[in-house]
Amino acid sequence: MQDRPHKKHAEKIIEQFRSEIGDDLCKKIGDYPFGSLSVLIESALNTAVMESMNDTVSDLENVLKRVKKRARA
């Protein structure tokens, strides 16, 4: 498993954003803020995926409880 599975996706978002705002504005902004933005996007993606996985686990646990309850009845 990758250490940073959403890094490439975040970088693609930054590339698209850079192309939309143009070279002149990118040069004025500089590289550092784009790097920081990429990390923030990556973090947001990781958080969203983890929350979704946790919700799925909770759903599966609830289904398992219902199945066990029916099996005992």
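The values are calculated or read from the model by the stated rules, or taken from the named source; none is laboratory data. Just so we're clear, the structure is a prediction, and the values are computed from it rather than from any experiment. For neighbour counting, all protein chains shown are included, and Cβ atoms are generated from backbone atoms with ideal geometry for every residue, glycine included.
Just a few scattered comments:
- Selection of the range 49-73 for residues being modelled with pLDDT under 95 and of a type in the set (S, T, Y) yields an empty set.
- All positions within the range 25-71 that are of a type outside the set (S, T, N, Q) and either touching a residue at least 24 places away in the same chain (Cβ under 8 Å) or in contact with a Gly (Cβ under 9 Å, 6 or more places away or on another chain) (or both): V39, I41, E42, L45, V49
- Of all residues in the range 9-24 being surrounded by 11 or more Cβ atoms within 10 Å (Cβ to Cβ) and free of Cβ contacts under 8 Å to residues at least 24 places away in the same chain, the one that is nearest to the chain's Cα centre (by Cα): K12
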